[in-house]
Structure formats: C-alpha cells, structure tokens
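Below you'll find the structure, written out as structure tokens, and then a few comments.
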Amino acid sequence: MQCEDLVAYLSDYIDRDLDEELVQAAREHLATCPNCHIVLDSTERMLHFARQSGPQSIPVGRRQKLFDELQAAFLTRQPPPANPTD
Ligand SMILES: [Zn+2]
C-alpha cells in the first residue's frame, strides 16, 4: 500500500468500515510510514474532539471535504526546496 492509498482509505479505516484485507494493508503501511501515522493520529484526534463537541458538529459533507483536502494536500506535497546553485 502507498501513502496515496492510505489517505484514500483513511476515512473508512477510522470508521472501521474497511475490508479486513485493507485494514491489514493499512496497518502494515502505518507501521512503516511515520508520515501516515501522524496523519492518522491527528485526524483521529480531530474527529474525537468533534464528537465530544456534540453529535453532528461536523456534517457529512464537510467531513468529506476535509478528507478531500487532506488527500489533496498529501498528493500535492512539494519536495523540499533545493539549494539554489546559480
Ligand atoms: Zn505513508
């Protein structure tokens, strides 16, 4: 599994709404990828906090948008700037 796949499945993974096979693949990726581990951790925290603030505090549409943004941010990550040589 790649980072892109992990992020794509993240919502379902957190909701425990993923096939066992994919859960296993996600866990294996998370064990070896600190970046995705951080993304999962912060997303779970955020959702946990949102749930504590009250039910429906994050409407489904808004939540989906959040995951879309997360995914877009992940996919458009820029490499670190190279030192200018000229
Ligand atoms: Zn990853």
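The values are calculated or read from the model by the stated rules, or taken from the named source; none is laboratory data. Note that the structure is a prediction, hence the values are computed from the model and not measured. Reconstructed Cβ throughout: ideal geometry from the backbone, glycine too, with neighbour counts over all protein chains shown. The accessibility values were calculated without ligands, DNA or RNA, using every heavy atom of the protein model including side chains. Shrake-Rupley method; radii C 1.70, N 1.55, O 1.52, S 1.80 Å.
Annotations for the structure displayed:
- The range 23-37 - residue that is closer than 18 Å to residue 75 by Cα and assigned to a helix (DSSP H, G or I) and, of those, farthest from the ligand (Cβ to nearest atom): 26
- Any hit, the range 38-46, residues being at pLDDT below 90, away from the ligand (no atom under 16 Å from the Cβ) and out of contact with any strand residue (DSSP E or B) (no Cβ under 6 Å at 6 or more places or on another chain): yes
- Among (1) in a helix (DSSP H, G or I); (2) at pLDDT below 90; (3) charged (D, E, K, R) - the single one residue 77 does not satisfy: (1)
- Yes/no for residue 20 being over 22 Å from residue 76 (Cα atoms) and within 12 Å of the ligand (Cβ to nearest atom): no
- Scanning the range 1-57 for residues that are open to solvent by 50 Å² or more (accessible area, probe 1.4 Å) and among the small types (Gly, Ala, Ser), we see that the one that is nearest to residue 70 (Cα to Cα) is 8.
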